[in-house]
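Participant: One structure coming up, written as structure tokens, with questions to follow.
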Amino acid sequence: MNMKDFSLEGKIAWITGASYGIGFAIAEAYHAAGATIVFNDINQELVDRGLKAYEEKGIKAYGYVCDVTNEDAVAETVKKINEDVGVIDILVNNAGIIRRIPMLEMSAADFRKVIDVDLNAPFIVSKAVLPGMIKKGHGKIINICSMMSELGRETVSAYAAAKGGLKMLTRNICSEYGEANIQCNGIGPGYIATPQTAPLRERQPDGSRHPFDQFIVSKTPAARWGNPEDLQGPAVFLASDASNFVNGHILYVDGGILAYIGKQPS
Ligand code: NAP
Ligand code: GCO
């Protein structure tokens with residue numbers, strides 16, 4: 001075993017939607033492991049915000065405006081990355097949205113939008129980067145799944161359908177391209193403190209914790225929300241040569257939620 005297997009030296013990593021949040025934390029870790037960081041976001045303001053944030057961390061990142069649901073924009077972005085930086089070695093399909101709406105009140109348009117960003121886009125971006133990886137003789141695709149790849153809950157029907165599908169897309173990319181030395185795995189974060197979950201953690205008018213906040217803490221053996229930094233080690237592992245025989249796996253980084261029935265109410 002050579003610890004250099006965990007290095008990402010000389011690798012080019014594209015993390016989608018990584019101006020902040022989980023994607024930004026993963027990019028920070030990849031930079032620390034030696035990778036060149038490429039990210040995109042949906043508009044120039046967010047890309048500029050991301051570039052500034054990376055610069056403040058001492059990271060020279062390459063930022064591109066790209067809506068990952070737009071196949072032509074993705075193809076154009078891959079072309080630009082190849083010209084500006086080089087052929088992508090590591091792809092993290094991180095960009096994602098959620099709509100928390102009871103199913104009977106959710107429009108088909110809202111449902112389609114979540115599926116488009118959280119499931120169709122990982123297909124589109126993976127399909128765009130795979131040819132370069134196959135030509136190079138290696139590649140790592142990491143899909144950011146979710147607890148909702150395994151569990152449902154009220155109001156997140158579209159998100160759970162997308163993340164469940166993303167788990168199976170992960171296994172299918174593994175199945176189709178494992179022979180080309182492509183490893184495609186997923187990370188299933190638990191409940192992580194980012195802007196996406198901020199509404200679930202808002203303090204109540206009386207200053208008490210949000211009921212959902214208390215619920216998640218009671219369902220997590222670690223008795224806390226996760227932080228984006230909790231995902232950094234697992235993300236480096238799945239992007240590195242240390243995981244070359246790990247394929248089609250969803251690595252849940254959830255503080256134990258999926259293993260635990262939940263704390264008995266006192
Ligand atoms: P976040 O804070 O909402 O960040 C998501 C990023 O994706 C934002 O930069 C967002 O840009 C970008 N994005 C959205 N739609 C896009 C599009 N069409 N094209 C390009 N970029 C787009 O979310 P997060 O909490 O960091 O989550 C990141 C990933 O982890 C998501 O896939 C999420 O489903 C997953 N996840 C999160 C948690 C959690 O507890 N936070 C747990 C499990 C899984 P905008 O600012 O324009 O929206
Ligand atoms: C929700 C949350 C979750 C987290 C995450 C859990 O509303 O239940 O947003 O879906 O984002 O996906 O793994």
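Just so it is clear, none of the values below were taken in a lab; they were calculated from the coordinates. Owing to the predicted nature of the structure, the values given are computational and were not obtained by experimental measurement. Ideal geometry is used to build each Cβ from the backbone, glycine not excepted, and the neighbour counts take in all protein chains shown.
Participant: Could you list which residues have their amide H under 5 Å from that of residue 11, counting only those 5 or more apart in sequence or on another chain, with H placed in the peptide plane?
Facilitator: 36
Participant: So what is the relative contact order for the range 1-149, in percent, with contacts set as C-alpha pairs under 8 Å and at least six apart?
Facilitator: With pairs under 8 Å counted, the relative contact order is 24 percent.
Participant: Suppose a student asked you for the relative contact order of the range 52-138, using Cα pairs under 8 Å spaced at least 6 residues apart; what percent would you report? Working shown, then result.
Facilitator: On the way: 55 pairs, mean separation 32.1, N = 87.
The normalised contact order for the range 52-138 reaches 37 percent.
Participant: Percent relative contact order of the chain, based on C-alpha pairs within less than 8 angstrom and at least six residues apart?
Facilitator: 19 percent
Participant: Mind checking which aspartates and glutamates have their C-alpha under 18 Å from residue 60, skipping anything on the same chain fewer than 8 residues away?
Facilitator: Straight-distance partners of residue 60: 9, 28, 41, 45, 48, 83, 84, 89.
Participant: Roughly how many whole Å is it from the C-alpha centroid of the range 119-155 to that of the range 202-245?
Facilitator: Cα centroid of the range 119-155 versus Cα centroid of the range 202-245: 21 Å apart.
Participant: Still on this structure: Rounded to the nearest 5, what is the percent of antiparallel bridges among the DSSP beta bridges in the chain?
Facilitator: Of the beta bridges lying entirely in the chain, close to 0 percent run antiparallel.
Participant: Work out from phi, with θ = phi - 60° and the Karplus expression 6.51 cos²θ - 1.76 cosθ + 1.60, the ³J(HN,Hα) of each residue of the range 138-144, listed in order in whole Hz, and give x for Gly and Pro.
Facilitator: 6, x, 10, 10, 10, 9, 7
Participant: Enumerate the amide H contacts of residue 92 below 5 Å, restricted to partners 5 or more residues apart or on another chain; note that Pro and chain-start residues carry no placed amide H.
Facilitator: The list, which skips near neighbours in sequence, is 14, 15, 16, 142.
Participant: What ranking do 14, 225 get, fewest neighbouring Cβ atoms within 10 angstrom at the top?
Facilitator: On the way: 14 29, 225 19.
Ordered from fewest to most neighbouring Cβ atoms within 10 Å, 14, 225 come out as 225, 14.
Participant: Taking amide H positions as placed 1.01 Å from N in the peptide plane, with prolines and chain starts having none, which residues 5 or more places from residue 227, or on another chain, fall under 5 Å of its amide H?
Facilitator: Amide H neighbours of residue 227: 193.
Participant: Quick one: dipole size for the range 112-214, taken about the Cα centre, charges +1 on Lys/Arg Cβ and -1 on Asp/Glu Cβ, in debye to the nearest 20.
Facilitator: Magnitude of the dipole: close to 280 debye.
Participant: To the nearest 20 debye, what is the magnitude of the charge dipole of the range 40-156 about its Cα centre, counting +1 on the Cβ of each Lys and Arg and -1 on the Cβ of each Asp and Glu?
Facilitator: Around 340 debye, computed over the range 40-156.
Participant: Further question on the same structure: What number, rounded to the nearest 500 deg cm²/dmol, is the helix-based mean residue ellipticity at 222 nm of the chain, given -39500 (n - 2.57) per DSSP H run of at least four residues and division by all its residues?
Facilitator: On the way: 8 runs with 101 residues, N = 266.
One gets -12000 deg cm²/dmol as the mean residue ellipticity at 222 nm.
Participant: OK, next. Only helices at least 15 Å long along their own axis, judged from Cα atoms, and with Kyte-Doolittle mean hydropathy of 0.5 or greater: name those in the chain from DSSP H.
Facilitator: Sorted by number, the helices that extend far enough and score high enough are 21-32, 121-136.
Participant: Mind grabbing the base-10 log of I(q)/I(0) for the chain at q = 0.11 Å⁻¹? Debye formula, identical points on the C-alpha positions, no solvent, two decimal places.
Facilitator: For the chain, the Cα-only Debye profile gives -0.59.
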